[in-house]
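Notes for the one structure printed next.
What follows is calculated from the coordinates using simple rules that are stated; it is not laboratory data. All values reported here derive from a predicted model rather than from experimental measurement. Cβ: placed from backbone, ideal geometry, glycine included. Neighbour counts: every protein chain shown.
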């Protein structure tokens, strides 16, 4: 990302990881640009075949 280090209080990323060629690098970049004490938020869509896992993921979405 074309930003300096530790310049943001927060860096949310929603529904973008499925289209990234290197998601690990992207997470590192999010962490690089967030100040100490700041936060990142990651969310993406997933589809699972196991219904129990799907219910668990739906519950986690509330947080």
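Of the numbered criteria (1) in a strand (DSSP E or B); (2) without any contact (Cβ under 8 Å) to a residue 24 or more places away in the chain, the one residue 47 fails is (1).
I'd like to check something: does segment 29-37 contain any residue that is surrounded by 10 or more Cβ atoms within 10 Å (Cβ to Cβ) and touching a helix residue (DSSP H, G or I) at 6+ places or on another chain (Cβ under 6 Å)? The answer is no, given that none of the residues of segment 29-37 is surrounded by 10 or more Cβ atoms within 10 Å (Cβ to Cβ) and touching a helix residue (DSSP H, G or I) at 6+ places or on another chain (Cβ under 6 Å). Total residues in segment 16-28 satisfying the condition of being touching a residue at least 24 places away in the same chain (Cβ under 8 Å) and exposed (fewer than 10 other Cβ atoms within 10 Å of the Cβ): the figure is 1.
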